[in-house]
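Below is one structure; the comments refer to it alone.
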Amino acid sequence: SNSEVQGKVHLELKLNELITENGTVCQQLVVHIMACHGLPLINGQSCDPYATVSLVGPSRNDQKKTKVKKKTSNPQFNEIFYFEVTRSSSYTRKSQFQVEEEDIEKLEIRIDLWNNGNLVQDIFLGEIKVPVNVLRNDSSHQAWYLLQPRDNGNKSSKTDDLGSLRLNICYTEDYVLPSEYYGPLKTLLLKSPDVQPISASAAYILGEICRDKNDAVLPLVRLLLHHDKLVPFATAVAELDLKDTQDANTIFRGNSLATRCLDEMMKIVGGHYLKVTLKPILDEICESSKSCEIDPIKLKEGDNVENNKENLRYYVDKLFSTIVKSSMSCPTVMCDTFYSLRQMATQRFPNDPHVQYSAVSSFVFLRFFAVAVVSPHTFHLRPHHPDPQTVRTLTLISKTIQTLGSWGSLSKSKSSFKETFMCEFFKMFQEEGYIIAVKKFLDEISSTETKESSGTSEPVHLKEGEMYKRAQGRTRIGKKNFKKRWFCLTSRELTYHKQPGKDAIYTIPVKNILAVEKLEESSFNKKNMFQVIHMEKPLYVQANNCVEANEWIDVLCRVSRCNQNRLSFYHPSAYLNGNWLCCLETSENALGCKPCTAGVPADIQIDIDEDRETERIYSLFTLSLLKLQKMEEACGTIAVYQGPQKEPDDYSNFVIEDSVTTFKTIQQIKSIIEKLDEPHEKYRKKRSSSAKYG
């Protein structure tokens, strides 16, 4: 009865005069219900709407009904209903209208919209009431009406006072010009990652002069993401942060331009990653009402702390294991960023072995997973804000997960909880297994070098084990039999050896891997086989069991997923005796006949309108021109006066490392903004002269 009411109805009313057989005139009301728009979804799906049309008066209630329209929120009814309204005594009376008026005055048309429930009860979607006297002056009336909730009987119009609500509403309107106008500003912004020092770049200056950094971050991140410039920019800005970080434990904990850019980036590109990783478990938590309260003060009567602890542990374990196994779904942009952060942190604190992990976990656990767990609705993982008990459960899970993530990287013997009950609970997780799992996960998401390897960093060891490989038959007379070998995979290469510790017999650089797929059993009559397709002949490998085969395929796909020339098609069988067993093609270089299973990583292409984002940035620059002016003056002052700053003034708020370069960039920004002002001014004039109000 209290369903969300939304949407509108398109209605036409007409009053026709009819002469009946015996010569009297009566009036007929024609109700034409054309269409509805924007009806709500029912259980996440489009509804099956129908409408009832009633003519209601003091002594009548005639009701008619439209057909049901299937699976649509915008039904086109286009149905016409006729109601007889008044019966006047005879046609000769000229004054007939006076008689009917009081009659029509009291009549109204009521239209109710319903969702057809088939086997269950129909759901009310809203109603409209239109008094028939709208036709007093016109013979027809046509309009869109917004659906209203049902008024419960004739309640008095005085509503209960439910308190007041204070709103702050901000309305921004951007007038987006044709693309060619934005070229210079876009180019200047996209050059930002290459400017030395980064604090002299246009993008950094924008963050400095905006009153609210978040306003600048959103359009900036989208624009840089769209042009693959975000990782170098974020890396350079984060390096600036690191210069000011004295203690490795507080790495990336502040609210700087770098951390905000990365937060925003993770929100934009990580949406799909969160969905595949967290959604199923969050749905389970929100839909089951298990109590997980472990604070003795907040316990309800009859609650058992031990049971609640078990419930909470079950959820934390389930969520934790899903997260640490999810690295394959982590978007490439995030992996690239984490890789850079990790390298920088290690250079900044060379004596701290844990800092390379805490640099990554402070983003992926603290600012990504923990936040999404505690407020799933803001990441579109749940349709509504959860109820108080669920919020409490999610808060406890989130606290534990973020501590597990950061604690795994810091491996402290003492946990960082203020509450004693949380410290007690956390003791359950102080096992070596958790540290190893977190370390492995952080390694996986931050060690793939999708860009060309710089060669300076140590390759990360990912997996090793004994398997059988089929001889490649590189020599003419070499036998093609199966041999037992020790395989070893790092973030840089896959090698196999006669025995562990011995020199490698054969090496495949990770960047040369084109695909890793299962191999059909029929090829060699052997189970658990997979193939590593690379620049030379495919390497056919047999694992000891199916679990191991899947693990190897998974980890090999993960390290090679960003390679430039990855295949889209492969041959599921081997090439034997002059042809492929699967498609019988004779050429060894024939294109694969089956699409590759491990597709590209979860980089969902985001839809970005770069002109609109650039227009937003232009607006922000125009709003902050005074501050830009001050920054320009500050550059001049610093350049002329090299002595110590006597007192803090307006200038000390800005980060200016190189006053000359910064000054040049500000000059460029100002001249570009001035050029863009002209077409905007033109538009404003045109609009104010041609606008019609009302």
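Heavy-atom accessible area with a 1.4 Å probe sorts W144, W486, W580, largest first, into W144, W486, W580.
The mean sequence distance of close C-alpha pairs (under 8 Å, at least 6 residues apart), as a share of the length of segment 269-445, puts its relative contact order at 28 percent.
Here's how it looks for E493: its modeled amide H is under 5 Å from those of V510, which are all 5 or more places away or on a different chain. Normalised by the number of residues in the chain, the average gap of Cα pairs under 8 Å and 6 or more apart makes the relative contact order 11 percent. Treating r as the C-beta distance of E681 and H384 and R0 as 30 Å, the FRET efficiency rounds to 0.10.
Each of T322 and L146 was given a label point 7 Å from its Cα along the Cα-to-Cβ line. The distance between the two points is 3.8 nm.
Placing S624, S688 in order of accessible area, with the largest value first and a 1.4 Å probe, yields S688, S624. By the rule of a C-alpha distance below 13 Å, with chain neighbours fewer than 8 residues away ignored, the aspartates and glutamates paired with K685 are D677.
Its Cα centre serving as origin, the chain has a Cβ charge dipole (Lys and Arg +1, Asp and Glu -1) of approximately 1960 debye. Ligands, DNA and RNA aside, S256 has an accessible area near 30 Å² when probed at 1.4 Å.
The solvent-accessible area of T637, taken with every protein chain present and a 1.4 Å probe, is close to 50 Å². When nucleic acids and ligands are ignored and a 1.4 Å probe is applied, D503 ends up with an accessible area of around 130 Å². The slack between E12 and E588, meaning 0.36 nm per residue of separation minus the straight C-alpha distance, is 200.3 nm. Once every DSSP H run of n ≥ 4 in the chain is given -39500 (n - 2.57) and the sum is divided by its residues, what mean residue ellipticity at 222 nm do you get, rounded to the nearest 500 deg cm²/dmol? Only helices count here, giving -12000 deg cm²/dmol.
Subtracting the Cα-Cα distance of T250 and L165 from 0.36 nm times their residue separation leaves 26.7 nm of extension gain. Exceedance of the 25 Å cut-off in Cα-Cα distance is limited, within the set K439/K498; K8/K64; K527/K594; K318/K427; K318/K440, to K439/K498.
Farthest toward the positive end of the dipole of the chain, out of C286, L29, S139, is the Cα of C286, where the dipole comes from beta carbon charges about the Cα centre.
For segment 269-445, the Cβ-based charge dipole about the Cα centre amounts to some 420 debye (Lys, Arg positive; Asp, Glu negative; other atoms uncharged).
In the context of the full set of protein chains, residues of segment 269-445 present 43 Å² of accessible surface per residue (probe radius 1.4 Å, heavy atoms only). For segment 470-585, the per residue solvent-accessible surface stands at 52 Å², with DNA, RNA and ligands left out and a 1.4 Å probe. The modelled label-to-label distance for the pair D174/E548, using points 7 Å beyond Cα in the direction of Cβ, is 5.5 nm.
Could you work out what % of the accessible surface of the chain is carbon and sulfur, using a 1.4 angstrom probe and leaving DNA, RNA and ligands out of the count? About 50 percent, which is the carbon plus sulfur part of the accessible surface. Of the residues C170, C582, C635, C596, ranked by 1.4 Å probe accessible area with the largest first, the sequence reads C170, C582, C596, C635.
Only Lys, Arg, Asp and Glu carry charge here, each on its Cβ (+1 for the first two, -1 for the last two); on that basis segment 246-336 has a dipole of about 240 debye about its Cα centre. Summarised as an ellipsoid, segment 269-445 has semi-axes of 28, 20, 12 Å, derived from the eigenvalues of the Cα gyration tensor scaled by 5 and square-rooted, with the largest first. Membrane-span-like helices in the chain, defined here as complete DSSP H runs extending at least 27 Å along the helix axis by their C-alpha atoms with mean Kyte-Doolittle hydropathy no lower than 0.0, are 388-410; this is a sequence and geometry rule, not a statement about a membrane. Compared with the alpha-carbon gap, the fully stretched path from E419 to K70 is longer by 120.2 nm at 0.36 nm per residue.
The values are calculated or read from the model by the stated rules, or taken from the named source; none is laboratory data. Everything numeric here is computed off the predicted structure, so don't read it as measured data. Glycine gets a Cβ as well: all are built from the backbone with ideal geometry, and neighbour counts include every protein chain shown. SASA here: full protein model, heavy atoms, side chains in, ligands and nucleic acids out. Shrake-Rupley method; radii C 1.70, N 1.55, O 1.52, S 1.80 Å.
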